[in-house]
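Here is the structure we will look at, set down as structure tokens.
The values are calculated or read from the model by the stated rules, or taken from the named source; none is laboratory data. Computed from a prediction, not measured in an experiment: that's the story for all the values here. Virtual Cβ from ideal backbone geometry, glycine too; neighbours counted across all protein chains shown.
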Amino acid sequence: MIQMMTAFTEEVDEVEDGLAEILGQIDLGALKKNSVGLVTCHSDFANTAFLGALCGKLPFDIIGMTTMASANQYGQSMYALSLTVLTSDDVVFVTSQTGPLGLNDYREKIEAGYKDAAEKLNNQPSLIFSFFPFIKELSGAPIHKCFDEICKGIPFWGSVATNIDVSYDRCYTFRNDNIDKDSLVMLLMCGNVEPEFIAISMPGKNISKTRGRITSSDGCLLRGINGIAPMKYLESLGVIVMKDASITTPLMVYYEGSTEPVALTVYNVYDDGSLLCGGEMTEGASVAVGEITTESILGSAGEGMDRLIKTGKHNCALMLPCVSRYVMLAPNRSDELKLIAGKLENGRLMSYMAGYAGGEICPVRDETGVLRNRFHNFSFTVCLL
């Protein structure tokens, strides 16, 4: 069984004050045999001595990423650091960090990082958490596919790093005080772990009832729907996809064997009518058009929280919704985090953490009940422990 503690601070300049705030909110004397930390934070925490000083105070490893906003029962803010401590007597935690990932060597570096962690376990991992780097030349989808192949389908959950202005320049991942823009970090868990996952992008009423079938694709490049160019197919539905409109026009992909769709963005529109998308566009899968609105963001978050509460068998929740949701809620950006806090009675109902993702990593069950690792956009994702 895993238990969870959280801590929160917005004090980045006065390091000792921030550390005192963090250490005043967790009870290190209550740690069990094995422990690990997860951190989401504003990029300023990664550019100062704060993370190194925090690691010096903690008797366990941490992994983490920068994000646009963080939250737990102690608060929520764009300018904060949130620490989540997982502790257990019967679950072993092992962390690892790859070297900087490049277009030509990312597979071998991920494989080496995974092997380094897996060899320290006595058995196969039960669950993996991972934070991916935000690399302009290398999107999250091929990294996700590679990681899934290397870990042979073991469920893994996590996020792509982001920051407050969604730029590439100040997105970091880190393991302890080793902070890097291009490295992947991971946490392997082995033992009595029974996770449950929730991934929801929008209510069903915001998804078109019309579905086409992907007839031609190459990885994330969508070349054909129902035998014609994707742009021509979408135009036949009255949908015009433009380069600057991808946030409000997600494609909902129903992978074969799955009843729950995965929301993916359109990154680019090519002259031949093909579309570069945020995830794998598998031939044979069906696709519909979704609509992201303020109401759909809060509606999907509410639906996700209701599903979470109805499980009734977990004692902690980790949440990584898409950063585009936070952006689109402006000027009331904190409404989703406030909804989470309200549903969980500010942590009285269940310990929780939340941070915003530059790409969501969350398994989805197929129609036979088997978990399939998936990469999402626009979505509200949860891992329950």
Of the residues in segment 294-323, those that are out of contact with any Gly (no Cβ under 9 Å at 6 or more places or on another chain) and within 30 Å of Gly224 (Cα to Cα) number 2
Would you check which residues across segment 289-299 are among the polar types (S, T, N, Q) and in contact (Cβ under 8 Å) with a residue 60 or more places away in the chain and list them?
Thr293, Ser296
When residues of segment 303-333 are limited to those that are over 18 Å from the mean Cα position of the chain (by Cα) and small (Gly, Ala, Ser), the one modelled with the highest pLDDT
Ala330
Residues of segment 166-207 being in a loop (DSSP other than H, G, I, E, B), in contact with a Leu (Cβ under 9 Å, 6 or more places away or on another chain) and surrounded by 15 or more Cβ atoms within 10 Å (Cβ to Cβ), in sequence order, are Asn176, Asp177, Asp182, Ser183, Leu184, Val193, Pro195
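So that you can scan it fast, the table gives a plain yes or no per residue for (1) surrounded by 24 or more Cβ atoms within 10 Å (Cβ to Cβ); (2) among the β-branched types (Val, Ile, Thr):
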residue	(1), (2)
Val262	yes, yes
Leu275	yes, no
Glu291	no, no
Gly302	no, no
His314	no, no
Ala317	yes, no
Leu339	no, no
Asn346	no, no
Which count do you get for residues in segment 63-76 that are surrounded by fewer than 23 Cβ atoms within 10 Å (Cβ to Cβ) and either in contact with a Leu (Cβ under 9 Å, 6 or more places away or on another chain) or closer than 15 Å to Leu184 by Cα (or both)?
2
Which of the residues spanning segment 275-291 are in contact with a Lys or Arg (Cβ under 9 Å, 6 or more places away or on another chain), within 15 Å of Asp218 (Cβ to Cβ) and among the aliphatic types (A, V, I, L, M)?
Leu275, Met281, Ala285
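State yes or no: is Thr248 closer than 24 Å to Met78 by Cβ and either in contact with a Ser or Thr (Cβ under 7 Å, 6 or more places away or on another chain) or modelled with pLDDT of 95 or more (or both)? Please lay out each step first, then the result.
Details: closer than 24 Å to Met78 by Cβ: yes; either in contact with a Ser or Thr (Cβ under 7 Å, 6 or more places away or on another chain) or modelled with pLDDT of 95 or more (or both): no.
It is false that Thr248 is closer than 24 Å to Met78 by Cβ and either in contact with a Ser or Thr (Cβ under 7 Å, 6 or more places away or on another chain) or modelled with pLDDT of 95 or more (or both).
Quick check, is Gly358 closer than 23 Å to Met4 by Cβ and not hydrophobic (A, V, I, L, M, F, W, C)?
Details: closer than 23 Å to Met4 by Cβ: no; not hydrophobic (A, V, I, L, M, F, W, C): yes.
When the stated conditions are applied, Gly358 does not pass them.
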(1) of a type in the set (A, V, I, L, M); (2) assigned by TED's automatic domain parsing to the domain that holds Ala71; (3) crowded, with 20+ Cβ neighbours inside 10 Å: which one isn't true of Met281, the others all being true?
(2)
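Could you tell me which of the residues Tyr255, Tyr267 is surrounded by 14 or more Cβ atoms within 10 Å (Cβ to Cβ), modelled with pLDDT under 90 and either aromatic (Phe, Trp, Tyr) or under 25 Å from Gly358 (Cα atoms) (or both)? So that I can check it myself, show each step before the final result.
Working: Tyr255 fails: modelled with pLDDT under 90.
Criteria check complete, one pass: Tyr267.
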Within segment 113-137, restricting attention to residues that are at pLDDT below 95 and under 25 Å from Tyr168 (Cα atoms), which residue is surrounded by the most Cβ atoms within 10 Å (Cβ to Cβ)?
Phe134
Among (1) outside the structural domain of Met281 (by TED's automatic domain parsing); (2) surrounded by fewer than 18 Cβ atoms within 10 Å (Cβ to Cβ), which single condition is Thr249 missing?
(1)
Go through segment 334-381 and report how many residues are within 18 Å of the chain's Cα centre (by Cα) and charged (D, E, K, R).
5
Considering residues of segment 118-155 that are polar (S, T, N, Q) and not in a strand (DSSP E or B) only, the residue nearest to Lys181 (Cα to Cα)
Ser139
Being assigned to a loop (DSSP other than H, G, I, E, B) and either farther than 30 Å from Met328 by Cβ or touching an Asp or Glu at 6+ places or on another chain (Cβ under 9 Å) (or both) is the requirement here; does Lys115 meet it?
no
Return a yes/no flag: does segment 202-213 have any residue that is closer than 23 Å to Tyr254 by Cβ, touching a residue at least 12 places away in the same chain (Cβ under 8 Å) and within 19 Å of the chain's Cα centre (by Cα).
yes
